[in-house]
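K.L.:
Sending over a structure as structure tokens; questions will come in a sec.
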Amino acid sequence: MNKLNMETKDIINDNIEYIKNRFPNAVNEDGINFDILKQELSNVIIDDKKERYELTWPGKKEAILNANKVERKTLRPLKDKSVDFDNTQNIYIEGDNLEVLKILQESYLNKIKCIYIDPPYNTGKDFIYNDNFNKDATDELNESGQIDEYGNRLITNNLSNGRFHSDWLSMMYPRLKLARNLLTNDGVIFISIDDNEQANLKKLCDEIFGEKNKIGLISVINNMKGRSDSANFATCNEFLLCYSKKYEHANIKGFNIESDEIDNDYIYEDEISKYKLVEYRKTGNGWKREDRPFMFYPVLYKEGVFNTITSDEYKRIYNIETKTFDDDYIAELRKKYENLNYLFILPTDKNGNYGRWRWGLDKFYLEKDINLELNDNNNNVCTKMRATIEDGSLRVKTAKTLWYKPEYDTGSGAKILNMLFDNVKIFDNPKSFIYISDILKIATDSDSIILDFFSGSATTAHACMELNAEDGGHRKYIMVQMPEKSDEKSEAYKNGYKNICEIGEERIRRAATKIKNETQADIDYGVRVYKVDSSNMKEEFYLVPSEYDQHQLSAFENNIKDGRTPIDLLTQVILDLGLTLDLKFEERTIDENKIYIVNDNQLIACFDNNVSDKIIDEISNIKPSKIVFRDSSFNDDKDKFNFEEKLKKLSPNTEFNVL
């Protein structure tokens, strides 16, 4: 039942809710932060000197600007590095993750179910991205290994830096802001971090995702002995921060119980299954009888049978109108039933305070003969928590905020990776794929898309394939990694791996082979590799007519950069039209013109000059959703107009686009 407001619509509140959903960082305890909102809608830095409760740092506005800044970048396929390029749905991208996240905004908006990242922890020794890189220093920094051949930027963030925390926050802010856009409504992001920036990261995520969308802060034991180089306390854990796109839609599923846990804990067994005993009395939050009055009732027990009082007696225990319990009447009932040789059991704590049961009366009657048991030691009523549920699958237990398995140890991650690379130490401190697999188990469905944009040695890709092989899933991954140069003294460099991307790509290939040989599972073992590059279009393509001069007009005779292939163009068109990178496409020839058909008939593209008149008839028969031609595919504007008019008649629902 809805109660009528009987007043005019609150337009202001609706507008505030819209702004909160669209720009969560622009809403704080005081309402809308108009200065931040102005910055979100501006291409220049807005000055603001008003103090308020919020996370701020030198460079924050520039970080917001970086998140919104348009980039003329695209992805180019690297088929020679790919595996089963034509069929796979897995993606690996070499390049600056800020640029990649911008490139993916249209194609993967609201499509990513789970993001996991392991960013630089800002220890004072590791690299961070410098998004304000001065291009004049390119040669010097390239020689020192701080940038790569693509012009990607890395700097060492030393503790002596006066903007030590600020630089790290400025790096993380735009990436997390763009990442949020990619999550599905029920999507979640997990971020590994240590105590150097954990507090700042939480505040940053509170702002970007909204404080109400925090799922949890998990402590992960990844070195049970403790690190010997730690001061004062031997550090044995790091943190895993989890936020959702929309808390009300998030679904963290929990873990299946392990076989050793069944043997150790589920020590009882009946004709149905193994089980352990759990107190029937509710404990924890909401345990009092006042919290759930209708879950407070006497349980009667005699000769192995559970029952309860009559409905008339039950109605007298609790007065609905006054919301009070009649304890005197309860005492009468106790005396009555104990005289009839019943055990009269009420939910009470150790101090004799009345609580409530876990089940209401309906479920009590349904389950009492199957799933209730009396603990003979103290006449406690217990429920049978079974190791398996009705369909025979293992019980799922709620994930806790403290995680520990021996396999989470940092040494375990290195051991598994080294074995893949013939016992060569190829990468420092890789995450355990068992640890990442556990994250994917509780946060993904069988067909989810998983993104890791600090992918390192590609542990997440390895974990994704391993989990698919284990449960028959069809999860797809997108890995993003800057091709940071390997140290020339490292084992990786000596073994031919010149940058981190080469390590990650090779790990994916080796892990896929290992999993396939060991499991024979029917999963996707391939990967499409792309790299970030400048747009395929010449600079003149982006000019408005008022900016043309005679020299630039001549460039429009061919507005594609030299050396760019039709597949390069197709990839940029796919991204520009908001299609995903995993779609299959086929090549076909129509009257000597080459066309590309993407995902059956979702898109047809042709990049030839002077297309044949017959091509429109063939395309119209296919009736694609979209078509793309080059401007030079037509002799003049008249031909282009005639083509469009004919297309409207033959395939009216087809969208016509020209490069």
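Taken together, the values in this text are just the output of simple stated rules run on the coordinates, not laboratory data. Predicted, not measured: the structure shown is a model, and the values here were computed from it. Ideal geometry is used to build each Cβ from the backbone, glycine not excepted, and the neighbour counts take in all protein chains shown.
K.L.:
Using 0.36 nm times the number of residues separating residue 398 and residue 370, minus their current alpha carbon distance, what extension gain do you get? Let's see the in-between values first.
P.N.:
Working: separation 28, 0.36 × 28 = 10.08 nm, distance 2.36 nm.
That works out to 7.7 nm of additional length.
K.L.:
Sorting check: for 52-64, 275-287, which peptide has the highest mean count of neighbouring beta carbons within 10 Å, and how do the rest follow?
P.N.:
Numbers: 52-64: 16.8, 275-287: 15.2.
Top of the packing list down: 52-64, 275-287.
K.L.:
Quick check on the exposure proxy: order 412, 230 from fewest to most C-beta atoms within 10 angstrom. Before the final figure, lay out the partial values.
P.N.:
Details: 412 19, 230 11.
The order, fewest Cβ neighbours first, is 230, 412.
K.L.:
Here's a follow-up. Just how far, in whole angstrom, is segment 292-340 from segment 231-254 if you go by their alpha carbon centroids?
P.N.:
First find each Cα centre; the distance between them is then 44 Å.
K.L.:
Return the distance in nm (one decimal) between the two label points of a simple spin-label model at residue 259 and residue 325, each offset 7 Å from Cα along Cα→Cβ.
P.N.:
For the pair residue 259/residue 325, the computed spacing is 4.6 nm.
K.L.:
Which FRET efficiency value, to the nearest 0.05, do you get for residue 637 and residue 57 by plugging their Cβ-Cβ distance into 1/(1 + (r/R0)^6) with R0 = 51 Å?
P.N.:
On the way: r = 52 Å, r/R0 = 1.03.
The value I calculate is 0.45.
K.L.:
Right, another one. Say the cut-off is 19 Å between C-alpha atoms; which of 363/441; 626/646; 60/111; 225/441 go over it?
P.N.:
As for pairs spanning more than 19 Å Cα to Cα, those are 363/441; 60/111; 225/441.
K.L.:
Could you please rank 344, 656, placing first whichever residue has the fewest other Cβ atoms within 10 Å of its Cβ? Working shown, then result.
P.N.:
Details: 344 19, 656 14.
Final ranking by Cβ density, sparse to dense: 656, 344.
K.L.:
Given a cut-off of 17 Å, what percent of all Cα-Cα pairs of segment 565-658 lie beyond it?
P.N.:
On the way: 1924 of 4371 pairs.
Summing the P(r) of segment 565-658 above 17 Å gives 44 percent of all pairs.
K.L.:
Pairs of alpha-carbon atoms within less than 8 angstrom and 6+ residues apart define the contacts here; what relative contact order does the chain have, in percent? Before the final figure, lay out each step's value.
P.N.:
Values: 1104 pairs, mean separation 113.0, N = 659.
Worked out over the chain, it gives 17 percent.
K.L.:
Between residue 538 and residues 5 or more places away or on another chain, which pairs have amide H atoms under 5 Å apart, with H built 1.01 Å from N, and which residues are they?
P.N.:
Amide H to amide H, under 5 Å and 5 or more residues apart or across chains, residue 538 pairs with 560, 561.
K.L.:
Tell me, what HN-Hα J-couplings in whole Hz come from the Karplus equation 6.51 cos²θ - 1.76 cosθ + 1.60 at θ = phi - 60° for each residue of segment 273-288, using x for Gly and Pro?
P.N.:
Going residue by residue, I get 5, 6, 7, 10, 9, 10, 4, 6, 5, 5, 10, x, 5, x, 7, 6 Hz, with x marking Gly and Pro.
K.L.:
Antiparallel versus total DSSP beta bridges in the chain: what percent is that, nearest 5? Numbers along the way, then the final one.
P.N.:
Values: 62 of 92 bridges.
Expressed as a percentage, antiparallel bridges in the chain total about 65.
K.L.:
Which order do the peptides 96-106, 495-505 take when ranked by the mean count of other beta-carbon atoms within 10 Å per residue, highest first? Present the calculation step by step, with values, prior to reporting the outcome.
P.N.:
Numbers: 96-106: 22.2, 495-505: 20.3.
Highest to lowest by the protection proxy: 96-106, 495-505.
K.L.:
Gain in length, residue 283 to residue 235, computed as 0.36 nm per residue apart minus the alpha-carbon separation, to one decimal in nm?
P.N.:
Details: separation 48, 0.36 × 48 = 17.28 nm, distance 3.31 nm.
My answer for the length gained is 14.0 nm.
K.L.:
Still on this structure: On a straight-distance basis, which aspartates and glutamates could pair with residue 288 in a cross-link, Cα separation under 13 angstrom, same-chain partners fewer than 8 positions away excluded?
P.N.:
Output for residue 288: 349.
K.L.:
Give me the percent relative contact order of segment 565-658, please, defined on Cα pairs under 8 angstrom at least 6 residues apart. Don't jump to the answer; show the numbers that get you there.
P.N.:
Values: 131 pairs, mean separation 20.3, N = 94.
This gives 22 percent for segment 565-658.
K.L.:
Could you list which residues have their amide H under 5 Å from that of residue 590, counting only those 5 or more apart in sequence or on another chain, with H placed in the peptide plane?
P.N.:
Amide H to amide H, under 5 Å and 5 or more residues apart or across chains, residue 590 pairs with 595.
K.L.:
Next question, about the same structure. Report Rg(Cα)/(2.2 N^0.38 Å) for segment 427-537, keeping two decimals.
P.N.:
On the way: Rg = 14.7 Å, N = 111, 2.2 N^0.38 = 13.2 Å.
Computed over Cα atoms of segment 427-537, the ratio equals 1.12.
K.L.:
In whole Hz, with x marking every Gly and Pro, tabulate ³J(HN,Hα) for segment 229-240 from phi via Karplus 6.51 cos²θ - 1.76 cosθ + 1.60, θ = phi - 60°.
P.N.:
Listing the rounded values in order: 8, 6, 8, 6, 10, 7, 5, 10, 9, 10, 10, 10 Hz.
K.L.:
Further question: Could you derive backbone 3J(HN,Hα) for segment 291-297 from the dihedral phi with the Karplus parameters 6.51, -1.76 and 1.60 (θ = phi - 60°), listing whole Hz in sequence and x where the residue is Gly or Pro?
P.N.:
So the J values, rounded to whole Hz, are 5, 9, x, 7, 9, 10, 7.
K.L.:
Check residue 450: other-chain or 5+ apart residues with amide H under 5 Å from its amide H, H built from backbone geometry?
P.N.:
Distant-sequence amide H within range of residue 450: 476, 477, 478.
K.L.:
Hey, another quick one. On full extension of the chain, what length is gained from residue 424 through residue 494, given 0.36 nm per residue of separation minus the C-alpha to C-alpha distance? Please report the intermediate quantities before stating the final value.
P.N.:
Working: separation 70, 0.36 × 70 = 25.20 nm, distance 1.03 nm.
This chain segment gains 24.2 nm when fully extended.
K.L.:
Among 23, 433, rank each residue by its count of other Cβ atoms within 10 Å, from fewest to most, as a rough exposure measure.
P.N.:
Values: 23 17, 433 28.
Sorted ascending by nearby Cβ count, the order is 23, 433.
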